[in-house]
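K.L.:
Okay, here's the structure, questions in a sec.
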Amino acid sequence: MPDNKRIDYALTLLYGIGWSSSLKILKQTNIAREKKVSELTEDELKKITALIEKNYKVEGDLREAVTEDIKRLKEIGSYRGLRHIKGLPVRGQRTRSNARTKRGKRRTVGALRKEAWAKIEQRKTVASQSETK
């Protein structure tokens, strides 16, 4: 965790801990949320780490659990698993428009004008010439 940041924000930098979890942790350990990480004592740091290890799944363990869950969905062939396999949105979002982050860059499908075909052919020939050099 960065030393110059407040502890409430610094805890959110851990994968699996958000704002609400961060505030709960600080309330349970009786640490002021305005304190900077560099101002914490060893005892306070130990309290925080013990609480996180006891009650929360964070970082590697959480990532591993998520990938196992997705793998299980794929293996049993559920609808959500199939959406993961196809690389489409899993939680019911529309795909006719939007969903660009999941589906990737737009690719033109359908009829093209002569000028567009000429540009594509020109790119192919330039690429093949550069590969042979």
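K.L.:
Can you check how the C-alpha radius of gyration of region 60-103 compares to 2.2 N^0.38 Å, as a plain ratio?
P.N.:
1.26
K.L.:
Between the helical axis of 59-76 and the dominant principal axis of the chain, each derived from Cα atoms, what acute angle in degrees is found, rounded to the nearest 10?
P.N.:
Orientation of helix 59-76: about 50 degrees from the principal axis.
K.L.:
Considering Cα pairs under 8 angstrom that are at least six residues apart, work out the relative contact order of the chain and quote it in whole percent. Display every interim value, and only then the final one.
P.N.:
Details: 91 pairs, mean separation 19.9, N = 133.
Reported relative contact order: 15 percent.
K.L.:
Stick to the Cα atoms of the chain, pair each with every other, and give me the Kirkwood hydrodynamic radius in Å at one decimal. Mind dumping the intermediate values first?
P.N.:
Working: mean 1/r = 0.0502 Å⁻¹.
Computed over Cα pairs of the chain, the Kirkwood hydrodynamic radius comes out at 19.9 Å.
K.L.:
Are there chymotrypsin sites (Phe, Trp or Tyr not before Pro) in region 1-95 that DSSP puts in a loop and that have at most 14 other Cβ atoms within 10 Å, and which ones?
P.N.:
Answer by residue number: Tyr15.
K.L.:
Let me ask you something else. Hey, fewest Cβ within 10 Å first, where do Val126, Val109, Val66 land in order?
P.N.:
Numbers: Val126 10, Val109 6, Val66 13.
Starting with the residue having the fewest Cβ neighbours, the order is Val109, Val126, Val66.
K.L.:
Which is farthest toward the positive dipole end of the chain among Ser20, Val109, Ser38, measuring Cα position about the Cα centre, with Cβ charges +1 (Lys, Arg) and -1 (Asp, Glu)?
P.N.:
Val109
K.L.:
For Lys105, Lys47, what ranking results if the residue with the fewest other Cβ atoms within 10 Å of its Cβ goes first?
P.N.:
Lowest count first: Lys105, Lys47.
K.L.:
Roughly speaking, what is the stretch gain from Tyr79 to Lys124, that is 0.36 nm per residue apart minus the C-alpha to C-alpha distance, in nm to one decimal?
P.N.:
Difference between extended and current length: 12.3 nm.
K.L.:
Working from Cα positions, state the angle (0 to 90°, nearest 10) between the long axis of helix 42-55 and the longest principal axis of the chain.
P.N.:
60
K.L.:
Still on this structure, I have one more. Any of Lys57/Lys102; Lys71/Lys124; Lys24/Lys102; Lys35/Lys57; Lys5/Lys71; Lys102/Lys124 with alpha carbons more than 30 Å apart? Name them for me.
P.N.:
Listed pairs above 30 Å: Lys71/Lys124; Lys24/Lys102; Lys5/Lys71.
Every number in this text was worked out from the coordinates using simple rules, so none of it is lab data. This is a predicted model, so every value here is computed, not measured. In this analysis, Cβ positions are derived from the backbone assuming ideal geometry, glycine residues included, and neighbour counts consider all displayed protein chains.
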